[in-house]
Amino acid sequence: MNPTVLVVALTVMLFTQAPQQAPRPIDAGQSLWAEELTWMEIRDLVKAGTTTIIIGTGGVEQNGPYVAGGKHNFVLQTVLPAIARAIPRSLIAPIVKFVPEGRIEPTPGGHMAYPGTISLEPATYEALLTDICRSYKTHGFIDIVLLGDSGGNQTGMRNVAEALNAKWANEAARVHHLPEYYNEDRWSYDFLKTLGITQIDKTPGRTADARVDTRNGMHDDIYYEAQIAVVDPKHIRAEERRKAGLLNLHGVDMTDVTKVIEIGKKLAEYRAGITARALEASKLKLRPVK
């Protein structure tokens, strides 16, 4: 047999029959995002103790006239790296971009009343999350974190975590649904106050300053816009709004986009601290010290 053909054949055999023993032929690349790593890099990280995977669920929905429909997914692009840095030996799974957003048919309900929204049936959503968790467990991850950037994501994540933890009761792996990411200081209302930011709702009959996700008829606020701007200000239509004299929101001046981005980064670090503490509490709950 030609020597080159023999080498190729032996290499293919090694990689297909013994993936856990196959040597990595190059230096490892670096990323917190699992999908940006090769299978060998992930294999070696898990062997070295990186056994926490963070699964963020976002959504595609209507967010008023200024913000792109992938709002929750863009927020997660900003905050998940901060969370991974706050949780030692962790990686970030690909963002789950499709979640329940309302009735699809025969009459659209919830966010589905608005063009561009994509909705999943709750059963589809839970089946998807279940298989993602099972996949990561198969490859050696033992702390599987579920967190959702939207209120409608929480029930499905809780159901999946409870079902898998019951199934894996006698195994090492645990699924941690962390509602604190979404619920603790929801929309960072209190934290924004420490930055001197107050948002005003002028809708008749409503409290002007309140912890809400919709003001002045818009499902949009500085909490979301600042974190999205970290990814790209075009997702909040910064230049178009500047030209129209509308680069402000609920009484908050946003004309200095650099400052808006800095607020977004601070929000990400704040949410990361909340999430890291919640995970430690969940570990103690799911693996109580005997």
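What the table shows:
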read-out	value
Pick from the range 173-201, criterion in contact with a Lys or Arg (Cβ under 9 Å, 6 or more places away or on another chain) and of a type in the set (A, V, I, L, M), ranking: nearest to residue 149 (Cα to Cα)	175
Residues that are of a type outside the set (S, T, N, Q) and either in a loop (DSSP other than H, G, I, E, B) or surrounded by fewer than 13 Cβ atoms within 10 Å (Cβ to Cβ) (or both), drawn from the range 214-239	217, 219, 220, 221, 232, 234, 237, 239
Some residue of the range 138-145 being surrounded by fewer than 16 Cβ atoms within 10 Å (Cβ to Cβ) and modelled with pLDDT of 95 or more	yes
The range 16-45 - residue that is modelled with pLDDT under 95 and not in a loop (DSSP other than H, G, I, E, B) and, of those, farthest from the chain's Cα centre (by Cα)	17
Cβ-Cβ under 6 Å pairs, at least 6 apart or on other chains, the range 233-249 side on the phi > 0 side of the Ramachandran plot, far side aromatic (Phe, Trp, Tyr)	237/66
Residue list for the range 186-212, filter: under 29 Å from residue 281 (Cβ atoms), touching a residue at least 40 places away in the same chain (Cβ under 8 Å) and either over 21 Å from the mean Cα position of the chain (by Cα) or surrounded by fewer than 16 Cβ atoms within 10 Å (Cβ to Cβ) (or both)	195, 197
Counted residues, the range 59-68 - those being touching a strand residue (DSSP E or B) at 6+ places or on another chain (Cβ under 7 Å) and surrounded by 20 or more Cβ atoms within 10 Å (Cβ to Cβ)	2
Residue list for the range 162-182, filter: assigned to a helix (DSSP H, G or I) and touching a residue at least 24 places away in the same chain (Cβ under 8 Å)	163, 164, 165, 180, 181, 182
Residue 157 modelled with pLDDT of 95 or more, closer than 20 Å to residue 59 by Cβ and either of a type in the set (Lys, Arg) or over 20 Å from the mean Cα position of the chain (by Cα) (or both)	no
Residues of the range 48-77 that turn out to be within 14 Å of the chain's Cα centre (by Cα) and not in a loop (DSSP other than H, G, I, E, B), as a count	13
Members of the range 99-117 found to be under 12 Å from residue 153 (Cβ atoms) and either out of contact with any strand residue (DSSP E or B) (no Cβ under 8 Å at 6 or more places or on another chain) or among the hydrophobic types (A, V, I, L, M, F, W, C) (or both), listed by number	99
Scan of the range 255-280 for residues that are among the basic types (Lys, Arg), in contact (Cβ under 8 Å) with a residue 24 or more places away in the chain and over 20 Å from residue 178 (Cβ atoms), ordered by number	265, 266
So residue 254, is it hydrophobic (A, V, I, L, M, F, W, C), surrounded by 20 or more Cβ atoms within 10 Å (Cβ to Cβ) and more than 28 Å from residue 278 (Cβ to Cβ)	yes
Subset of the range 78-98 (residues that are touching a strand residue (DSSP E or B) at 6+ places or on another chain (Cβ under 9 Å) and not in a loop (DSSP other than H, G, I, E, B))	79, 80, 81, 83, 84, 90, 91, 92, 96
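Table: residues versus (1) among the aliphatic types (A, V, I, L, M); (2) part of a helix (DSSP H, G or I); (3) touching a residue at least 12 places away in the same chain (Cβ under 8 Å); (4) under 30 Å from residue 49 (Cβ atoms).
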position	(1), (2), (3), (4)
124	no, yes, no, no
128	yes, yes, yes, yes
147	yes, no, yes, yes
152	no, yes, yes, no
160	yes, yes, yes, yes
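The values are calculated or read from the model by the stated rules, or taken from the named source; none is laboratory data. Bear in mind the structure is a predicted one, so any value in this text is a computation, not a measurement. Glycine gets a Cβ as well: all are built from the backbone with ideal geometry, and neighbour counts include every protein chain shown.
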